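Notes follow the structure.
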Amino acid sequence: ADRFESIELFPDKLFTPIIEGADEEIRTTCYNTAKSMYGEELPEVIIARLEKELVPIIKFGFSANYLISERLVKKSNADGYLVGSRGSVGSSVVAMMLGISEVNPLPPHYICLSCRHSEWFLDGSVPSGFDLPNKECPSCGGNLKGDGHDIPFETFLGFKGDKVPDIDLNFSGVYQPVAHNFTKEIFGPKNVFRAGTIGTVAEKTAFGFVKKYEEEQGQKWRGAEIARLASGCTGVKRSTGQHPGGIVVVPDYIEVDDITPVQFPADDKNSEWMTTHFDYHAFDANLLKLDILGHDDPTMMRMLQDLTGVDPTTIPMNDAKAMSIFNSTEALGVRPDQIRSPVATY
């Protein structure tokens, strides 16, 4: 045995897709968006935050990850469906400037939509910009809008900025298959796979197996023996499945077999997608996984927009009337005894 060296089943590095000029593109896009939002002379707080994020993203080769998500969101928006970002991606200002996330992680501030005048609250006195009351712009008399939620970037990429970014996106359920197929257009059909999952035997199921076996053998075992046999069955592979929205991207300079075998889900050879044979978590440090999830919210937003003609992105977040439904029934024009509840949300 001493003559054999130990082998690593998975390589220890990350293989990200290479998109020509990605580093330059995200830097330029971010600054252009920032200037269109906050004016040509950017406040120092924005530049500092952009640089803090752009440097590690570019250094550790995550630019392509961001750009892919940006292309997916842009396509969905162009086709008329909003995309909701979910989880920690909301703490990245680069994601917001690229249009991936709608959450503004900068400190709370007022911004004038006409002349781009801004006022910042850097002392922590305001937890969220959505709580700021309406106010007139001192420069041009326009309306000031409150935004910013003060979320640290470390939530997303770790303290050193080297954690693989996991950008989860909620696409409309109606649109999800379109978004999935769009990844085939970007990378080519041979380079994208559904993330596979492995279903294992649960503890209670294993216990059932053992009881049945005991019956068939005509035996009567002690509880300890039943538990011992059941624990041996628990966690054994039972079936393979696929992640509901995970797409694994294999860059064109390596083969998928360098990392994981692939298979048809449940051996269905007519399936549109192949899945990775190993569970995604086994190689999450090696390949990029896109979370293109299906969700009802964007579909409902789209339907409401069609019915009312109101664009959801224009709705004010600090509407006093909307907020009042959490503590009274007044906004609905009903008395508490009529709906048997002191609050309208009921």
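The values are calculated or read from the model by the stated rules, or taken from the named source; none is laboratory data. These numbers come from a predicted model, not from an experiment. Neighbour counts run over all protein chains shown; Cβ positions are idealised from the backbone, glycine included. Quick note on the areas: whole protein, heavy atoms, side chains included, nothing else; ligands and nucleic acids left out. Shrake-Rupley method; radii C 1.70, N 1.55, O 1.52, S 1.80 Å.
Things worth noting here:
- Residues that are open to solvent by less than 10 Å² (accessible area, probe 1.4 Å), among the hydroxyl-bearing types (Ser, Thr, Tyr) and under 19 Å from residue 158 (Cβ atoms), drawn from the range 64-90: 66, 69
- Test: residue in the range 51-66 that is part of a loop (DSSP other than H, G, I, E, B) and under 21 Å from residue 319 (Cβ atoms): no
- Of residues in the range 265-275 being touching a Ser or Thr at 6+ places or on another chain (Cβ under 9 Å) and under 21 Å from residue 178 (Cα atoms), the one surrounded by the fewest Cβ atoms within 10 Å (Cβ to Cβ): 265
- Hey, residue 299 open to solvent by less than 60 Å² (accessible area, probe 1.4 Å) and touching a Lys or Arg at 6+ places or on another chain (Cβ under 8 Å) or not: no
- Flag if residue 10 is modelled with pLDDT under 90, over 19 Å from residue 166 (Cα atoms) and not hydroxyl-bearing (Ser, Thr, Tyr): yes
- Residue in the range 280-296 that is surrounded by the most Cβ atoms within 10 Å (Cβ to Cβ), counting only those that are out of contact with any Lys or Arg (no Cβ under 8 Å at 6 or more places or on another chain) and either among the β-branched types (Val, Ile, Thr) or assigned to a helix (DSSP H, G or I) (or both): 292
- Filtered by the rule that a residue be among the hydrophobic types (A, V, I, L, M, F, W, C), in contact with a helix residue (DSSP H, G or I) (Cβ under 9 Å, 6 or more places away or on another chain), loosely packed, with under 15 Cβ neighbours inside 10 Å and closer than 20 Å to residue 186 by Cα, the range 217-264 gives no residues.
- Test: residue in the range 303-311 that is in contact (Cβ under 8 Å) with a residue 12 or more places away in the chain and not in a strand (DSSP E or B): no
- In the range 143-167, residue nearest to the chain's Cα centre (by Cα) [restricted to those that are open to solvent by 20 Å² or more (accessible area, probe 1.4 Å) and either closer than 18 Å to residue 250 by Cα or among the aromatic types (Phe, Trp, Tyr) (or both)]: 166
- Residues of the range 266-299 that turn out to be without any contact (Cβ under 8 Å) to a residue 12 or more places away in the chain and under 26 Å from residue 89 (Cα atoms), as a count: 1
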